[in-house]
Every structure is written in C-alpha cells, then in structure tokens.
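The values are calculated or read from the model by the stated rules, or taken from the named source; none is laboratory data. Everything numeric in this text was worked out from a predicted model, so none of it was measured. Methodologically, a virtual Cβ is constructed for each residue, glycine included, from the backbone with ideal geometry; neighbour enumeration extends over all protein chains shown.
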Amino acid sequence: MQTQGSLTPIRLIDMQLPEVLAMPALLLMTPAQLKKHIEVVHQQGDLAQLCMQMYYVFLLANQYDAALEMQTRALQLGRIYRIAGTQNPQLRLLVVMGPGHMQHNTPIEFVLHGSEIQTDILYLLPDDEVPAVLPTHDVTFVAIGESTKNTALLGKLNAMLNAWPTTVINQPHAIPNCARDTCYQLLKNIPDVILPLTKRVRKEEDVGMNFPFTLRPIDTQGGEGLQRIAQAEELTNYYATFPVDEYYAAKFLDYQSQDGCYRKLRIVLIDGKPYICHMAISQDWMVHYLSAGMDASPEKRFEEQHTMEHFEQDFAIRFKDPLAAMAKALQLDYVTMDCAESRDGKLIVFEVDSRGLIHAADSKEIYPYKLAVMQKAFHAFYALLFNRAGQSSQTALSKVKK
C-alpha cells in the first residue's frame, strides 16, 4: 500500500483538448450566433466536445436535467476540457471540478472570461483515480464545492497533494470550512461579527431553538427549500414539504433597515483581501439579487453604485479586522461571503462559500458602474494566480487584459 509520501508524481504533457465555450461567452451571443456555433461544433465530429458544449448550452437555457445528462455523456468520453477563447495564453490554469453544475463547483469561468489565461478543467469522479498524466499548467485551482457528495472527492484530492506538480489554490482540506455549521463554529467568536446560531438537525429532531428560525435541506443553494419557521404548525408542514434526512437550522436574525428594506452584500475574499461584487436591496428578508427588483429601481441602483464605488474607503475600512480574521480562519485563498450590516454597526454573516457567483455579465446600460468595480476583483484573482505560479503581480496585470 502506498503512503501519501510515496505517491508517484503526476506527469505534465502538452495536450490537444476538446474546446468549449463556457457560459460567459454564450451569454454574449445572439440566438443566430449560438445556433451557428452549435452547428460548427457538431460538424467537427468530436462527440465529447459536442456533449460538453451542449451541457453549457442547456445551462444557458436553465434546462438543468438536460445539461447534467450532456455532462454525464461527456465525462464518459473524457475528463479534461479546455475553455475556448484564449488566443495568446500568458498563464495556464488547471481547474479541478466534480460532476454537477454551477451550484456544485466554483463558476470561475466568469472571473476568467476575457483574460489571457488558458483554462483547462479536470473533472474528478467519485469512483475514478486522479489521472497520472495531466495537461501542462502553471497553477491549480480547486473548484469543487463543499457538499456531502463532494466529501470523498475532496479527500481523494487532498491525499494527492504531495504528488501534485503545481501550487494549489483553495486547498481541498479547507473547502469543508464552508459548511454552514462549521463556518458558524469557526467565525462565531470574531469581534464585531454576528453569525446566526447554525447546526445540522435530523427530520423531526428537536431543533433546540426558539421560534423564529430558518430551515433548509443540507447541500442546497440559492434559497432552495429555505423557509422561516415561526410556529410549530409551520414546522410540521415544512417537514412534509421537504422530506429529507438532514437540514440546517439557523436562528433568524432580523436585519431590516429603518426604511423597511433588507440589504445584503456579496463580497469575495481573494488572498485575504475583500472586494465587493454586488449589493441587493429587497423588501423580502430572503434577499436574492435577481428577485430584488434592482433592474426596475434607479434608486436601488444608485445606492448600490455608491456602496460599490466607496467600498474600499468605507465598508472595507470599518470591517478591516473582522474580514482579515475571517479570511485567516477559513484558510481559503478565494471565497465569497453574503453579509449585511446590523443597525448597531456589526457585520452579519449569512454564508461563506467558495462557489459563490461573481461576474460582470449585467447589462452595461442598466449597471454602467459595475464593470470597473468588478475588474478590481478579477485583477486581484489574476495577481493571485501569477504570484502562486512564481511571477510578480505587476507582471500579471501587464499580461492579463480584461
């Protein structure tokens, strides 16, 4: 039996890989352009490439079952794919993912879109070993998200680290720190940070909290199955509606502002430093950017613009120490955080996750202020990649355009 220290090193070779356009590029296409692209890929005759490309096309159409079927077929034919679009690569990145869509892996393609970073995606499957030969690359990014189904994948990858040929960003042993109950334990004692008491509970188990609290099935994202429970009858109905084995229970925190709205920020911590990605303002306590009515409200967008453009001089300064302490506790190079500010000026943290979506795909006509702010986060990530690959951050910013 091999020990971790005796693992055979992985070999790197130049590979010709199936190339696919990821979601950010597809979002920019007209229906006619998308149709033509699919026809071209089909004519090229590479079935693996076609299946993986259709995975992204079905994701674009919100047809998740069809997308995952296409991905499954693609992974039966090959495990490594290249994101198309890089003409003059200045750095070669290997992204490690597990099977599943954007809620299961970091959607890092949105951060890398438009850059001169060659991106190859290696899919690990639960029953397969890590390949002994990988495409030549300068640095590795672990995009596998925290979930029960990914525990084995992360353990398998972690066991290979002594034999891994390049620096790894987001070490697999730290990804489970994003679990909601683990995160609560890690961050609850940081000064000026408020986290709702969070724990795992089994169905029909005594939650051990006074009403109100929230429940959500474990391994869910985007508010799926999330409900506020205010009385025993609602709890009974909830268990009947969502009959799973385990849930996350969290004490409900009322973070409503004085004007009756709820404000939630998405921040990304990159190499320990915070960058704002958006602020959603909603009349509903369950704040999601898409349902918050930001498109239809110039007033909300004006406030978001002010918050984003003054983030470095305001929010980031006031919460400098708590954010630094959080980054240190989480041990992740790249992680997103959904948060708010309490009425007494403390940082409320709802969730941390390496899979949180950050992007610059919003309409430039409606959100003209976003691109310049988001480029700060993107450039910070590029600098992280180049630094870990042994190049200076100044080199990174001069080589990588956006």
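Taking Y56, is it touching a Leu at 6+ places or on another chain (Cβ under 9 Å) and either on the phi > 0 side of the Ramachandran plot or among the aromatic types (F, W, Y) (or both)? Criteria met by Y56. Residue count for the stretch 365-402 under the criterion of being part of a loop (DSSP other than H, G, I, E, B), at pLDDT below 90 and β-branched (V, I, T): the result is 1. Candidates K199, K149: the one that is over 29 Å from L384 (Cα atoms) and either surrounded by fewer than 19 Cβ atoms within 10 Å (Cβ to Cβ) or hydroxyl-bearing (S, T, Y) (or both) is K199. Among the residues of the stretch 289-309, those identified as surrounded by 13 or more Cβ atoms within 10 Å (Cβ to Cβ) and either among the hydrophobic types (A, V, I, L, M, F, W, C) or not in a helix (DSSP H, G or I) (or both) are A292, G293, M294, D295, S297, M308. None of Y56, Y64 is over 20 Å from A360 (Cβ atoms) and in the same structural domain as T106 (by TED's automatic domain parsing) except Y64. If you go through the stretch 212-229 and keep only what is in contact (Cβ under 8 Å) with a residue 40 or more places away in the chain and more than 20 Å from T336 (Cβ to Cβ), you end up with P212, R228. Checked against the criteria, M326 counts as at pLDDT 95 or above, under 24 Å from N170 (Cβ atoms) and buried (at least 21 other Cβ atoms within 10 Å of the Cβ). For the stretch 96-134, what are the residues that are part of a strand (DSSP E or B), among the hydrophobic types (A, V, I, L, M, F, W, C) and over 19 Å from Q391 (Cα atoms)? Answer for the stretch 96-134, where residues must be part of a strand (DSSP E or B), among the hydrophobic types (A, V, I, L, M, F, W, C) and over 19 Å from Q391 (Cα atoms): V96, M97, I121, L122, V133, L134. Only a single criterion out of (1) touching a Leu at 6+ places or on another chain (Cβ under 8 Å); (2) within 24 Å of H379 (Cα to Cα); (3) surrounded by 14 or more Cβ atoms within 10 Å (Cβ to Cβ) is not satisfied by Q331, namely (1). Can you confirm whether the stretch 93-114 contains a residue that is within 27 Å of A163 (Cα to Cα), among the β-branched types (V, I, T) and in contact with a Lys or Arg (Cβ under 7 Å, 6 or more places away or on another chain)? Yes.
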